[in-house]
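Written below as structure tokens is the structure these notes are about.
The values are calculated or read from the model by the stated rules, or taken from the named source; none is laboratory data. The structure presented is a predicted model; accordingly, all values stated were derived computationally and were not measured. In this analysis, Cβ positions are derived from the backbone assuming ideal geometry, glycine residues included, and neighbour counts consider all displayed protein chains. For accessibility, only protein heavy atoms count, side chains too; no ligands or nucleic acids. Shrake-Rupley method; radii C 1.70, N 1.55, O 1.52, S 1.80 Å.
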Amino acid sequence: MAGGPRWDRRRVLRTGAAAFGGAGAGWSASALVANGSAAAAPPDGPTRVVGPSAGAETVPVVGTHQPGVDTAPQAHLALVGWNLRPGAGAVGLTRMMRLLSDDAARLATGTAALADTEPELAAHPARLTVTFGFGPRVLRELVPAPRRPRLDELPAFDRDRLDPRWGQSDVVAQICCDDPTTLAHARRMLVKDARTFAEVHWIQSGFRTARGTVPDGTTMRNLMGQVDGTVNLAPAEPDFDGLVWAAGDPAFAGGTFLVVRRIRMQLDKWDRVDRVGREVVVGRRLDTGAPLTGKQEFDEPDFAATDRFGFPVIDPASHIARARSDDRRERFLRRAYSYAEPDPARSTGEDNGLVFLAFAADPARQFVPIQRRLDELDRLNEWVVAIGSAVYAIPPAAPQGGYVGQQLLEGTSTTGTTSDTTGEKSPS
């Protein structure tokens, strides 16, 4: 009506709420809270979500193993490689690991580190895990021979095009989390507290499908569109412990070994391959991840099957054919993460690929034979190349009141499953 009051959506909502009266409005807000949806907010204020959130989830240390190995992979990765500063020695490494172990134990529970100037950023752990490891030089020079686990550097592979900037470091921290803000904060805290003793050699960031996008347990897809990691060890398998956790030396009981391979994908060349060609190269269907001889992702490939012309349905040079082994000892646990980073030096303007992480009780027996076969012949080699490579010994979890690596550096036996939370902090 001309000259009448003007009504907008906000005024209608306010008037409607008032019409219910105090009791009705109160009941409505209580119902929303009870259902875990939202609490009442002042007019024009934000809606507040209540109830448990994924950000509150934590990953406790269980048994003698560090978290982040058999943990279900989180959505985000920051892999930090440090080189010890000259003169740091065993004393410097010990101090550094005390500080970092303390930081990791606190941050994983949503507790700020002791010298944290932004404690609010630590409040949502979102399944944060930090997994530490030592490179071959640290083992050779700083770990006494009686307690030193054997870790050989990987042999040379002909097709590798390794860039020294992504090469071996002395210490590594695999930081994984479902929230990128929490991850960035944890990474910053660890880098800051290690600065006195070591300098960063590289940081490799990666990602998987965000949690909640697909059902838990769904095999990831890499940036080439392929289902990646179908044949992987699962903690429920009877062979898991023997293939992942190292046995023998009591100082390393509950530990494992990590292989890091940075694999660049040439996606501009991959774009020129049609869908049929892509499936032939890998040996699996793009839509389901099933082998070309099957219908479902986890169907067993039939490498003897032939088409009507007598040719193998799965090319013997395909990726799955070359990676497959009849030796069940040639298996390992993989935790791969995609990466996509700006790179003005490349014609595409970016660098894409995979941060390939493999955990094994014996990399020389489990990982190297498979990599040799792929190096010799793999149709996928035309579009992928390794540009970084490193190996690490992943010690068992910190003993009660101690730090990760203490069993190796000091010979302290594992007597508990939690890290000390009262350690010293490095000078700022």
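Remarks
- Taken across the range 275-282, residues that are in contact with a Leu (Cβ under 7 Å, 6 or more places away or on another chain), surrounded by fewer than 13 Cβ atoms within 10 Å (Cβ to Cβ) and more than 22 Å from Asp375 (Cα to Cα) do occur, with at least one present.
- Sub-8 Å Cβ pairs linking a first residue in the range 218-233 that is in contact (Cβ under 8 Å) with a residue 24 or more places away in the chain to a second residue that is among the acidic types (Asp, Glu) and open to solvent by 50 Å² or more (accessible area, probe 1.4 Å), at least 6 apart or interchain, are Leu233/Asp239, ordered by first then second residue.
- Taken over the range 356-399, the criterion of being more than 25 Å from Ala234 (Cβ to Cβ) and in a strand (DSSP E or B) is satisfied by Val384, Val385, Ala386, Ile387, Gly388, Ser389, Ala390.
- When Ala317, Ala305, Ala336, Ala323 are checked against the criterion of being under 20 Å from Thr131 (Cα atoms) and open to solvent by less than 50 Å² (accessible area, probe 1.4 Å), Ala336 stands alone in meeting it.
- First in the range 342-359 and surrounded by fewer than 17 Cβ atoms within 10 Å (Cβ to Cβ), second anywhere and assigned to a loop (DSSP other than H, G, I, E, B) and of a type in the set (S, T, N, Q), Cβ under 7 Å, 6 or more apart: none
- Residue count for the range 363-373, restricted to those that are surrounded by fewer than 17 Cβ atoms within 10 Å (Cβ to Cβ) and touching a residue at least 60 places away in the same chain (Cβ under 8 Å): 2
- Being under 24 Å from Ala90 (Cβ atoms) and touching a helix residue (DSSP H, G or I) at 6+ places or on another chain (Cβ under 9 Å) holds for only one residue in Thr182, Thr196, and it is Thr196.
- The residue list Arg262, Arg221, Arg285 contains one member that is at pLDDT 95 or above, out of contact with any Asp or Glu (no Cβ under 7 Å at 6 or more places or on another chain) and not hydrophobic (A, V, I, L, M, F, W, C), which is Arg262.
- Selection over the range 277-335 of residues that are assigned to a loop (DSSP other than H, G, I, E, B), without any contact (Cβ under 8 Å) to a residue 60 or more places away in the chain and of a type in the set (A, V, I, L, M, F, W, C) gives a count of 9.
- Scanning the range 76-124 for residues that are under 23 Å from the mean Cα position of the chain (by Cα), farther than 26 Å from Phe356 by Cβ and assigned to a loop (DSSP other than H, G, I, E, B) returns Thr109, Gly110, Thr111, Ala112, Ala113, Ala123, His124.
- Scan of the range 77-102 for residues that are of a type outside the set (S, T, N, Q) and open to solvent by 10 Å² or more (accessible area, probe 1.4 Å), ordered by number: Leu84, Arg85, Pro86, Gly87, Ala88, Gly89, Ala90, Val91, Arg95, Arg98
- The residue that is least open to solvent (accessible area, probe 1.4 Å), among those in the range 103-113 that are out of contact with any Pro (no Cβ under 6 Å at 6 or more places or on another chain) and farther than 23 Å from Gly81 by Cα, is Thr111.
- Residues in the range 51-75 that are farther than 19 Å from Gly405 by Cβ, of a type in the set (A, V, I, L, M, F, W, C) and either open to solvent by less than 50 Å² (accessible area, probe 1.4 Å) or not in a loop (DSSP other than H, G, I, E, B) (or both): Ala54, Ala56, Val59, Ala75.
- Residues that are assigned to a loop (DSSP other than H, G, I, E, B) and more than 18 Å from Val355 (Cβ to Cβ) within the range 160-199 comprise Asp170, Asp179, Arg195, Thr196, Phe197, listed in sequence order.
- Near pairs, Cβ below 7 angstrom, 6+ apart or cross-chain, from the range 131-158 (in a loop (DSSP other than H, G, I, E, B)) to any residue that is charged (D, E, K, R): Gly135/Asp170; Pro149/Asp249; Phe157/Asp375; Asp158/Asp375
- Scanning the range 205-236 for residues that are touching a helix residue (DSSP H, G or I) at 6+ places or on another chain (Cβ under 9 Å), part of a loop (DSSP other than H, G, I, E, B) and of a type in the set (A, V, I, L, M, F, W, C), we see that the one that is nearest to Asp351 (Cα to Cα) is Leu223.
- Residue check for Asp216: open to solvent by 20 Å² or more (accessible area, probe 1.4 Å), in contact with a His (Cβ under 8 Å, 6 or more places away or on another chain) and among the acidic types (Asp, Glu): no
- Within the range 264-275, residues that are within 16 Å of Val385 (Cα to Cα) have Cβ atoms under 8 Å from residues that are in a helix (DSSP H, G or I) and open to solvent by less than 30 Å² (accessible area, probe 1.4 Å) in no pair, counting only partners at least 6 apart in sequence or on another chain.
- Val384 over 30 Å from Ala108 (Cα atoms), at pLDDT 95 or above and hydrophobic (A, V, I, L, M, F, W, C): yes
- Selection count, the range 234-245, where residues are modelled with pLDDT of 95 or more and either surrounded by 15 or more Cβ atoms within 10 Å (Cβ to Cβ) or hydrophobic (A, V, I, L, M, F, W, C) (or both): 4
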